[in-house]
Structures are given as C-alpha cells and as structure tokens.
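Novice: So that we are looking at the same thing, I have put the structure below in structure tokens.
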Amino acid sequence: MRWLLVRRSKVRMWNTLRTAIPDMERRTQMVLGGPNLPDARVTTERAADLVACSGVLQGTMRGDLLGIPATHGTISIRFCEAHELRDDKIVQSWVMFDLLDLMRQAQCWPLPQSLGAEAQWQPPATGDGVRLSTSTTDSSAMDTVLKMHGALGNFDGKSLDSMNHGHYWTDAFMWYGPAGIGSTRGLEGFRVHHQIPCLRAYNDREGAGHYIRISDGPYAVTGGWPSVRGTHTGEWLGMAPTGRMIEMRVMDFYRLEGDKIAENWVPMDVIHIALQMGVDLFARVHHMTGQPDLTL
C-alpha cells in the first residue's frame, strides 16, 4: 500500500507540472553515484548506494502552477534528486524544486531583493557532470568537503577567520545559491552575500546529519532532510527573528579541482524554511496576484 501511495503521489506531481508546462523537457546537468559514505550523526538506517541528479525542467508555462501565474513564455525550474537503489531498483527518492525561483520568473517575487545574483545556474565548467561509468570507491573529494564542513563548525562567534574554511576553496570559486540568497563568487562574495547574513540569523547553527554522502571522481554530494538546524534569532531574507528552531533541507553538489572546491551548487528548500517562521510565500504570491486569503 505504501508503494501505491508513493506512486500515486508521483503521478500527481508530474501531472501538475505537465498541465502547467505541457512541452516540459528535462535538461540534466549532473548525474553522480556511488556508495553512501557513513555519517556518525545519523543513527537511523541509511541507503547503501545512491544516485544524485540536478538540472532544470524547461518549457513554456501555459498554465498556473500551485498559484504561480502562467508566464506564457519559457521558464526553467531548477531541480535536484537523490535516489536510493536496491537490486537495480529505486526504492526511495528525495526531490526538491526551486519554486521560489519560478516565482521570480513569473514576476511575483515575495521577498526583498536578494543579496546574491539571481540567475540561471550554470552546469559544471568542465562539462563532465553526467558521469555514467561505474563509480569508484575513492572518497578524496568527500574528504575535502567534510574538512571544509568541519572548519565551518569552528566559528568562535566573533571572527570569520576562526573558521579557516577558505583554504578548501579555489580563489574564484562559484557558489550557486538558491533563490532568495542568490549566487556568489569567491570567498568575499560568499561571506558578504550568504555567510554573514546566515550567521547573524542563526548564530547557534549546527549540522543535523546527512542522508546522502557520495563521492564520484572530482565530485561530491551531501544532503540532509534536515541538513542544518539553528535558532532564528536574527533577520533573514527580510523575515524578522522568531526565536524558533528552524530545520533546513539542503543538498550540496561540489566539483573539485585537485584538493580544492571550484563550484558548489546549493539547492535549499527556502519556502519550507519560511513556513517554519510563520511566513507562507505561496500565500504572499496569491495575494500579489489578486487571490488574497479573506479568512480572519
């Protein structure tokens, strides 16, 4: 019965997308896979083997999608997926769509202007993100990523330099952030447009564990559902502090050059984060497009 419910949910999801975007096509930019490396913070059963994908769903938006008004022009919806494999079958999937970015494209932006650049994410600069050959067990890319994560956790509450994570990035690395945050370049851009606002908003943030940790050649993927937790004690994306404990669903895709990270794509469920703060971004869009909630 559980399989039937999941299957029916998938059918509804794709039918909803197809109704709004009838000529929709999938443009896959990365396909990575391998054994799921351990995470001591996670005590529940984790998948043994995973495949992760990212890219865009592109087409003409002919109809409204979850209250986001049709543009009648070309749109691109960023997506990321992780699929658990057993006996050559998918048994579980985690999927995120950046519908906040679709709101931007539909010109019904429900947040203040992003600090980073809001633009289409680029595929890997090396053009080798779709890896269809058998994955090796080399975890050197993941080792670098986890060292960088460890450095991020060394913040002394005063100086950004206390984290010393800049050592793990190339000088001009690209950080592709989700809608609401935007993309940045280099350590200075990362600090100013993402890291400092995040630390001010969640000064006690901590990693919550990864359900996915795969390393595939010069690529690595980590993700948690949630991945990060923190108390919302400062303004973030224009939303006043609530004092609530917030959980963040994040899936990071990394491309390395040698032992340094050159590109990082960061799908994040910003809409779900805002909802935990008591802000319904879909309701804001409905109000902006003449569909206000008139209940008291």
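The values are calculated or read from the model by the stated rules, or taken from the named source; none is laboratory data. The structure presented is a predicted model; accordingly, all values stated were derived computationally and were not measured. Note: ideal-geometry Cβ built from the backbone for every residue, glycine included; neighbour counts use all protein chains shown. In case anyone asks, the SASA skips ligands and DNA or RNA and just uses the protein heavy atoms, side chains included. Shrake-Rupley method; radii C 1.70, N 1.55, O 1.52, S 1.80 Å.
Novice: Would you be able to say whether some residue in segment 31-49 is under 20 Å from Val130 (Cβ atoms), under 20 Å from the mean Cα position of the chain (by Cα), at pLDDT 95 or above and open to solvent by 40 Å² or more (accessible area, probe 1.4 Å)?
Specialist: Scanning segment 31-49, I find no residue that is under 20 Å from Val130 (Cβ atoms), under 20 Å from the mean Cα position of the chain (by Cα), at pLDDT 95 or above and open to solvent by 40 Å² or more (accessible area, probe 1.4 Å), so the answer is no.
Novice: Which of the numbered conditions does Ser227 fail, given that it passes all the others? Conditions: (1) over 16 Å from Met277 (Cβ atoms); (2) outside any helix (DSSP H, G or I); (3) out of contact with any His (no Cβ under 9 Å at 6 or more places or on another chain); (4) not acidic (Asp, Glu).
Specialist: (3)
Novice: If you don't mind, another one. Considering every residue within segment 69-85, establish whether at least one is in contact with a Phe, Trp or Tyr (Cβ under 7 Å, 6 or more places away or on another chain) and either farther than 30 Å from Gly217 by Cβ or outside any strand (DSSP E or B) (or both).
Specialist: The answer is no, given that none of the residues of segment 69-85 is in contact with a Phe, Trp or Tyr (Cβ under 7 Å, 6 or more places away or on another chain) and either farther than 30 Å from Gly217 by Cβ or outside any strand (DSSP E or B) (or both).
Novice: Could you check segment 258-281 and list, in sequence order, the residues that are part of a strand (DSSP E or B) and within 23 Å of Thr231 (Cβ to Cβ)?
Specialist: Met268
Novice: Also: Looking at Met148, Met163, Met142, which is the one that is surrounded by 11 or more Cβ atoms within 10 Å (Cβ to Cβ), among the hydrophobic types (A, V, I, L, M, F, W, C) and over 28 Å from Val51 (Cβ atoms)?
Specialist: Answer to the selection: Met163.
Novice: Still on this structure, I have one more. Report those helices (runs of 4 or more DSSP H) wholly inside segment 107-219 carrying at least 3 residues which are closer than 19 Å to Gln29 by Cβ and in contact (Cβ under 8 Å) with a residue 60 or more places away in the chain.
Specialist: In segment 107-219, no matching helices (runs of 4 or more DSSP H) lie anywhere.
Novice: Hey, can you tell me all the residues within segment 214-235 that are aromatic (Phe, Trp, Tyr) and open to solvent by 10 Å² or more (accessible area, probe 1.4 Å)?
Specialist: Trp225
Novice: Hey, any hits in segment 255-266 for a residue that's farther than 30 Å from Thr170 by Cα, modelled with pLDDT of 95 or more, of a type outside the set (Gly, Ala, Ser) and surrounded by 15 or more Cβ atoms within 10 Å (Cβ to Cβ)?
Specialist: No: zero hits.
Novice: Evaluate the following for Leu100: is it in contact (Cβ under 8 Å) with a residue 24 or more places away in the chain and assigned to a loop (DSSP other than H, G, I, E, B)?
Specialist: For Leu100, the condition - in contact (Cβ under 8 Å) with a residue 24 or more places away in the chain and assigned to a loop (DSSP other than H, G, I, E, B) - is not met.
Novice: Just one of (1) within 14 Å of the chain's Cα centre (by Cα); (2) open to solvent by 40 Å² or more (accessible area, probe 1.4 Å); (3) closer than 22 Å to Ala119 by Cβ trips up Gly238, so point out which.
Specialist: (1)
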